[in-house]
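All of the numbers you see were taken from the coordinates with simple rules; none came from a lab. Keep in mind the model is a prediction, meaning the values are calculated, not measured. Cβ placement follows ideal geometry from the backbone for every residue including glycine, while neighbour counts extend to all protein chains displayed.
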């Protein structure tokens, strides 16, 4: 089993989850984070750390966000690892209250730790 980052993370990109991850399984996109399912050890430390409740065990992922399991798996190898906490995106508070934002997901990589 692994954990999955879902739609609430889009345009927020809080990194509290990254800070508590013991195995550096988070990868950074321009406006979203994903979890590498091959690196995740299913410890669950990231779930309560996420202020927008965007992280779920894959078997508890809400049906409306089912596509995010495959999205995390596909994007993780393309995006750099992020292992250090960073400030959230500029409008994270506003975007954190918006339910439907899939159309805003950028598949461009972030800068990661580098």
So what is the relative contact order of segment 3-81, in percent, for Cα pairs below 8 Å that sit 6 or more residues apart?
44
At 0.36 nm per residue, minus the direct Cα-Cα distance, what do residue 19 and residue 66 gain on full extension? Give it in nm, one decimal, please.
14.4 nm
As a test of the formula, what do you get for the chain when each DSSP H run with n ≥ 4 contributes -39,500 (n - 2.57) and the sum is divided by the residue count, at 222 nm and rounded to the nearest 500 deg cm²/dmol?
-4000 deg cm²/dmol
For 95-104, 54-63, 75-84, ranked highest to lowest by mean beta-carbon neighbours within 10 Å, the order is 75-84, 54-63, 95-104
Express the Stokes-Einstein translational diffusion coefficient of segment 3-81 in µm² s⁻¹, to the nearest whole number, given a Kirkwood radius over alpha-carbon pairs, 10 °C and a viscosity of 1.306 mPa s.
132
Run through all the Cα pairs of segment 67-109 and give the fraction in each 5 Å bin from 0, expressed as whole percent.
5, 15, 21, 25, 26, 8
